[in-house]
Amino acid sequence: MDPIVAVGEAVAGRSATVRKSMVGLSTDLQRNTFDIGELALECQEHGYFHEWGFSSLGEYGELELGIKHRKLQYMARITKVTRDCGIKRSDYEPAKVTKLRSICSLDPDSSFFDQELKKHRPMVEYIVELVAEAPELSAQEIDDRVAYLKGQTGDNAMVKRGYSVTRSAWDNVIAVCFESVRKRLGSKGRDETGKAVEYGDGAVIECLCAEYNSDPRNFLEDEDCSKEQIEVQEESNVGTTGTTSGLDIPQESEVALRSPRKVLPGE
């Protein structure tokens, strides 16, 4: 038999086995998460999903397994990152999926500047430490450490916001606008399979708001009130009794006050 044909048949056989196994394991996702993650990574690295008629691993997961696109992607990433860092499955399983998802969002090929040691340390070392400590740490503590290693602190800290709109507003207004902005932004890079990765909603909203804020026509100028006449009510110096008040007037008789003053010659 031709060696090339034999290899092709072996690959096709393995592809079919992986697909069948993933379908079976997906019936109990919570119990089989790490098994599916290992097969998902193999499927991703060898492009089996193309043979099955799907454009991406995420599309395959949603349409055949009923697993959301992002979920199957991070399940495969957990397997890849832990493998690249030399962490055995028996060592990372106790950390649980939620914490591992956060830890494995770090890039094993990058480094981080250690302020105490005054030098860069490989990110792999931090990932190994976090996985080992994860069972004793809360999910929030893990998220905080990961954010620190990514430089997402202070003004760069990530802020999550949620909002609700009608289906009509989303389909006919927002989604159309978002798609237009993404086309203008282009691709932010490529994933493990080489597929272009689009910018998320957060980046799109930032772009829209920055563009709006940069246009002075979108802001009303404060009304100029400097030329307006302000009427000040004058206070009367006559009391309610008809006598003067608040004035330094020499005391004279009532008659003198009521009578007109005569002008003397020489005045």
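The values are calculated or read from the model by the stated rules, or taken from the named source; none is laboratory data. Fair warning: this is a prediction, and the values are worked out from it, not measured in the lab. When we count neighbours, we look across all protein chains shown, and the Cβ atoms used for this are built from the backbone with ideal geometry, even at glycine.
One line per residue, one yes/no per condition, for (1) aliphatic (A, V, I, L, M); (2) at pLDDT 65 or above:
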position: Asp143; (1), (2): no, yes
position: Ser168; (1), (2): no, yes
position: Ala175; (1), (2): yes, yes
position: Leu185; (1), (2): yes, yes
position: Glu198; (1), (2): no, yes
position: Cys207; (1), (2): no, yes
position: Glu223; (1), (2): no, yes
position: Thr240; (1), (2): no, no
position: Ser245; (1), (2): no, no
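Please verify whether Ser110 is among the polar types (S, T, N, Q) and under 24 Å from Thr17 (Cα atoms), treating the condition exactly as stated.
No: the conditions fail for Ser110.
Consider Glu38 carefully, then state whether it is surrounded by 13 or more Cβ atoms within 10 Å (Cβ to Cβ) and at pLDDT below 95.
Against the criterion (surrounded by 13 or more Cβ atoms within 10 Å (Cβ to Cβ) and at pLDDT below 95), Glu38 does not qualify.
Condition check ((1) in a loop (DSSP other than H, G, I, E, B); (2) assigned by TED's automatic domain parsing to the domain that holds Leu72; (3) closer than 30 Å to Arg31 by Cα) across all residues:
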| residue | (1), (2), (3) |
| --- | --- |
| Asp91 | no, no, yes |
| Ser102 | no, no, yes |
| Leu106 | yes, no, yes |
| Phe113 | no, no, no |
| Glu116 | yes, no, no |
| Arg121 | no, no, no |
| Glu129 | no, no, yes |
| Ala132 | no, no, yes |
| Pro135 | no, no, yes |
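Any idea which of (1) over 20 Å from Met22 (Cβ atoms); (2) within 27 Å of the chain's Cα centre (by Cα); (3) surrounded by fewer than 23 Cβ atoms within 10 Å (Cβ to Cβ) is the one Pro94 doesn't satisfy?
Failing condition for Pro94: (2).
List every residue pair whose Cβ atoms lie under 7 Å apart, where the two residues are 6 or more positions apart in sequence or sit on different chains, the first residue falls within segment 20-46 and is in the same structural domain as Tyr74 (by TED's automatic domain parsing), and the second residue, located anywhere, is assigned to a helix (DSSP H, G or I) and among the acidic types (Asp, Glu).
Val23/Glu64; Leu25/Asp35; Phe34/Glu93
So which pairs qualify, if the first residue must be in segment 134-152 and hydrophobic (A, V, I, L, M, F, W, C), the second must be in a loop (DSSP other than H, G, I, E, B) and surrounded by fewer than 18 Cβ atoms within 10 Å (Cβ to Cβ), the Cβ gap must be under 8 Å, and the two must be at least 6 apart or on different chains?
Once the first residue is hydrophobic (A, V, I, L, M, F, W, C) and sits in segment 134-152, its partners that are in a loop (DSSP other than H, G, I, E, B) and surrounded by fewer than 18 Cβ atoms within 10 Å (Cβ to Cβ) give Ala134/Lys96; Val146/Ser105; Ala147/Thr153; Ala147/Ala157; Ala147/Met158.
Would you mind telling me which numbered condition in (1) outside the structural domain of Ser15 (by TED's automatic domain parsing); (2) within 26 Å of Gly24 (Cα to Cα) Leu57 fails?
Here Leu57 clears every test but (1).
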